[in-house]
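Notes for the one structure printed next.
The values are calculated or read from the model by the stated rules, or taken from the named source; none is laboratory data. For clarity, every value in this text was computed on a predicted model and none was experimentally measured. We place every Cβ from the backbone using ideal geometry, glycine too, and count neighbours over all the protein chains shown. Accessible surface is based on the protein model in full, side chains and every heavy atom, while ligands, DNA and RNA are left aside. Shrake-Rupley method; radii C 1.70, N 1.55, O 1.52, S 1.80 Å.
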Amino acid sequence: MTAQAPRRIDTLVRNATIITMDRERRVLLDGSLAIDKGRIVAVGPSREIDPAYTASVAIDGRDFIITPGFINGHVHITGDPLTRGFMPDTIDYRDPDTFAKWVMPRFLTQTAEDERISAQLAAFEMLRCGITCFLEAGTIRYLDAVADGLAEMKIRARIGLWTEGRAFDPTQDPVAASDDAIAAMERAVEAYPVSSDSRIAAWPILVGHNCNTDAVWHAAKALADARGLGFAAHMSPYASDTDLYLANVGRRPIEHLADLGMLGGNLVLTHVTHLDDAEFELIVESGTHVAYCPLAALKGGFMASKKGRYPEFVARGTNLLIGSDGYDCDIMRLLPMASATFKDARGDVSVFPAHMMLETITVNAARALGMADEIGSLEPGKRADFVCHDANRPELRPLLNPVNQLVWSADGRGVHSVWIEGERVIDGYRSTVIDEAALLRRAQDAGAALVERAGLPLLSPWPIVR
C-alpha cells in the first residue's frame, strides 16, 4: 500500500506547548498546530501531526506556549482610552457631579476622528497582549469611524452604540428620546450584521443602570432575538442602581429586568455586584451571562470582594467572563487579580483556580458572544485565532505547569505573536498591520487636544513642571 502524501497547508507551528482549551482541555507539551485557509485543520502531538502535513510556512514553536486568542468580555474603546488616567483616582464615581464634571466632557468632546484613534489605540493594546476579540461597552457616538478603524486593525469584535434612551433634561421630549435611541440601535445592527466573513458586527449595547426606558430594553431584546444576536448592559456596580429602581419602579434592578422578560442566554450583564438573593437566583436560573471587571471593581470601590457573588455564580453554572472595562487592557494581569481577590475574601484557596480563570477569557467568552463554534479553543474546523507566548522569559522558566504559570506568573508583555484567522497581526512583539509609532503620536496629540477642549484641569498632588 502506498503511503499517503502529506497534505499541503499554509502554516504549521510545531514542537510547542499548546493549551488547547478543547473539550478535554488537553495541554500538549510537544504539540503542533496545522492551519489552512484561516482555519485549524489539526492540533495534536507533533509526532502525529508533523508527518501528515507540509506547510508553506513552518515555525519552530519550541519556545512558545500557544493559547487560543483571548476574548475581552467588556471594554470601553471610546470615551476612556484617549484620557485614561487623567482623572484623579481619588474622585468618587458615586458622586453625581463626577459625571457632569469629569466624565461627560471627556466623552462628548470627542470628534469622529478622536473615536477612530481611540478605538485603534485600544485594539492595538489588546492585540499586543493577546486579545483577538472583544465585546464593546458601547461606542459613544461615531460607530462608523470606530468600525472603520477596527477593520484596519484586523481584530474581531462585537460593537454597538452607547445607547441611552431616557430623557434626563426636563426640556427633552421623553418619547422622542426613547424613539431616537431605538432607531439608532436598529441602524447600527443593520449596518454591521453578523455574517460568516464579518469580523466586526454590531449588537444592541445599552448603557444600562437607569439610563434606558423599558421601551429601549424591549427593543434591544427584540432585535437580539430576531437577528440571533446578543445584547449587553451595565448594571448594579454600586447600590445606587438598586436605590433608583426601588424609588422609580418599586423593584430591584434584576427583578425589573426579569419582569420585562430581558434575562436569558443572549444577555451579558456587566458588574452586577450589588444583588440580593432573589436577584442572584434570577440571573442563575435565566442563563444570563455575567462579565466581571476586576480592576474597575477594585479601583472604583464597588465592594466586589464583600458584595460580589462571582465565585457563587460559577458554582451554580453561570457563564462568567472577564473584562478590562476602561482600564489596562492586559487581560492576563486581570486573571490573578480576579482570582486572588476572592481567594482572600472567601478565605479559600480553592476558589477561582488558574484553569478556571483561563476559561473566562476563552471558551466562556466565546460562548457568551455566540461564537463557541468559531473561536475560544484550538480545535479542527475553528478559526485560527491564537497567541504565541514567549516561554523563554524569566517569569516562565523553568516551565513545569503551563496553565498555572501562564495565569500566575506571566502577563501580556510575553506575547510574541498573535494570529487572527491564520494571519499574523503581531510578530516579534510588533504590529504587522499598522505603523505603531504613528498611531501613538496621533493618540498623544488627540488626547492632549481633547483635554484642552474639554477645559479639564490637570490635578496632581505633586508639581508637574512643563
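Tabulated data for the structure shown
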{"read-out": "Per-pair calculated FRET efficiency, R0 = 60 Å: ARG453 and ASN392 via Cβ, rounded to 0.05", "value": "0.85"}
{"read-out": "Principal-axis tilt of helix 112-128 within the chain, Cα atoms, nearest 10 degrees", "value": "40"}
{"read-out": "Under 14 Å from LYS343, Cα to Cα: aspartates and glutamates that are on another chain or at least 8 residues apart", "value": "GLU312"}
{"read-out": "Selection from GLY61, ALA291, ASN404 lying farthest towards where the dipole of the chain points positive, charges on Cβ", "value": "GLY61"}
{"read-out": "Computed E for ASP277/THR54 - FRET, C-beta separation, R0 56 angstrom, nearest 0.05", "value": "0.40"}
{"read-out": "Fraction of the pair-distance distribution of the range 306-431 above 18 Å, Cα-Cα pairs, percent", "value": "60"}
{"read-out": "Sites GLN172 and ARG424 - FRET efficiency at Förster radius 60 Å, r taken between beta-carbons, to 0.05", "value": "0.75"}
{"read-out": "Shape call, the range 247-376: gyration tensor on alpha carbons, a/c limit 1.5", "value": "oblate"}
{"read-out": "Within straight-line cross-link reach of LYS306, aspartates and glutamates at Cα separation under 12 Å, skipping those fewer than 8 residues along the same chain", "value": "ASP344"}
{"read-out": "Estimated inter-spin distance, ASP435 and ALA5, nm [label 7 Å along Cα→Cβ]", "value": "4.5"}
{"read-out": "Under the Debye formula (equal points on every Cα, no solvent term), log10 I(q)/I(0) of the range 66-222 at q = 0.17, 0.21 Å⁻¹", "value": "-1.06, -1.41"}
{"read-out": "0 to 90° range, to nearest 10: angle between helix 331-346 axis and the chain longest Cα axis", "value": "70"}
{"read-out": "Over 30 Å (Cα to Cα) - which of LYS101/LYS154; LYS101/LYS221; LYS221/LYS307; LYS154/LYS307 fall in this group", "value": "LYS101/LYS154; LYS101/LYS221; LYS154/LYS307"}
{"read-out": "Separation of alpha-carbon centers, the range 113-131 and the range 1-52, rounded to whole Å", "value": "31"}
{"read-out": "Considering only the chain, percent of DSSP beta bridges that pair antiparallel, nearest 5", "value": "45"}
{"read-out": "Cross-link partners of LYS382 among aspartates and glutamates (Cα-Cα below 12 Å; sequence separation of 8 or more within a chain)", "value": "ASP22, ASP36, ASP373, GLU374, GLU421"}
{"read-out": "Potential lengthening between ASP97 and ARG413 on full extension [0.36 nm per residue; Cα-Cα distance subtracted]", "value": "110.0 nm"}
{"read-out": "Residues in the range 164-187 reached by a label modelled at ASN248 [backbone nitrogen below 20 Å; 7 Å Cα→Cβ]", "value": "164-185"}
{"read-out": "Between helix 214-227 and the chain: long-axis angle, C-alpha atoms, 0 to 90°, nearest 10", "value": "20"}
{"read-out": "Solvent-accessible area per residue, Å², over the range 322-431 with all protein chains present [probe radius 1.4 Å]", "value": "36"}
